[in-house]
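As structure tokens, the structure follows; a few thoughts come after it.
The values are calculated or read from the model by the stated rules, or taken from the named source; none is laboratory data. Being a predicted model, the structure only gives us computed values, none of them experimental. With ideal geometry, Cβ positions are generated from the backbone for all residues, glycine too; neighbour counts draw on all protein chains shown. Surface areas here come from the heavy atoms of the whole protein model, side chains and all, with no ligands, DNA or RNA. Shrake-Rupley method; radii C 1.70, N 1.55, O 1.52, S 1.80 Å.
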Amino acid sequence: MPQSLSKVYVHITYSTKDHYPFLDSQIRPRIFEYRGGICKGLECYPIKIGGHIDHVHVLCLLSRKVSQMKLVEELKKQSSQWAKKVEPKYSKFSWQRGYGIFSVNPKEVDVVKRYIENQDIHHKK
């Protein structure tokens with residue numbers, strides 16, 4: 001085959017350090033958008049980004065040029081650095097050390113997308 005093809009969907013999730021509720025209504029949409037830009041810059045095209053007050057989810061296509069570890073490392077590092085500069089109340093913002101990254105069956109992408117969209121409802125239970 002003269003070319004390389006890849007279409008791997010991944011669902012990434014991780015929390016703020018100590019599950020601190022940093023992701024209030026002021027920063028949450030902005031940090032989701034910022035993380036989408038990070039994904040695009042790495043050619044890991046975002047499908048859905050969301051989360052709750054203390055954790056985030058990313059559903060994206062994993063670029064064949066980027067490892068899972070590199071994608072998560074850049075998402076966490078760049079968004080943490082950005083958040084600390086937004087406003088003084090976020091100056092101690094940081095993510096936990098660990099993360100989860102899972103492959104997603106293409107037939108289940110819509111299910112994962114809805115799950116991410118409904119995080120606030122999911123966490124009211």
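Listed residues Lys84, Lys77; which is among the basic types (Lys, Arg) and loosely packed, with under 13 Cβ neighbours inside 10 Å?
Answer to the selection: Lys77.
If you take the residues in the range 93-125 that are more than 17 Å from the chain's Cα centre (by Cα) and either of a type in the set (Asp, Glu) or at pLDDT below 95 (or both), which one is surrounded by the fewest Cβ atoms within 10 Å (Cβ to Cβ)?
If we take residues in the range 93-125 being more than 17 Å from the chain's Cα centre (by Cα) and either of a type in the set (Asp, Glu) or at pLDDT below 95 (or both), then Lys125 is surrounded by the fewest Cβ atoms within 10 Å (Cβ to Cβ).
Tell me whether the range 1-16 contains one or more residues that are touching a Gly at 6+ places or on another chain (Cβ under 6 Å) and surrounded by 13 or more Cβ atoms within 10 Å (Cβ to Cβ).
Looking through the range 1-16, at least one residue is touching a Gly at 6+ places or on another chain (Cβ under 6 Å) and surrounded by 13 or more Cβ atoms within 10 Å (Cβ to Cβ).
Which of (1) assigned to a helix (DSSP H, G or I); (2) touching a Ser or Thr at 6+ places or on another chain (Cβ under 7 Å); (3) open to solvent by 80 Å² or more (accessible area, probe 1.4 Å) is the odd one out, the single condition Lys89 does not satisfy?
Tallying (1) assigned to a helix (DSSP H, G or I); (2) touching a Ser or Thr at 6+ places or on another chain (Cβ under 7 Å); (3) open to solvent by 80 Å² or more (accessible area, probe 1.4 Å), Lys89 fails exactly one: (2).
Given the residues Leu23, Leu59, Leu71, which is the only one that is touching a Lys or Arg at 6+ places or on another chain (Cβ under 6 Å) and open to solvent by less than 60 Å² (accessible area, probe 1.4 Å)? Please lay out each step first, then the result.
On the way: Leu23 fails: touching a Lys or Arg at 6+ places or on another chain (Cβ under 6 Å); Leu71 fails: touching a Lys or Arg at 6+ places or on another chain (Cβ under 6 Å).
Being touching a Lys or Arg at 6+ places or on another chain (Cβ under 6 Å) and open to solvent by less than 60 Å² (accessible area, probe 1.4 Å) holds for just one of Leu23, Leu59, Leu71, which is Leu59.
Among the numbered criteria (1) more than 18 Å from Gly100 (Cα to Cα); (2) assigned to a strand (DSSP E or B); (3) of a type in the set (Val, Ile, Thr), which one does Val58 miss?
(1)
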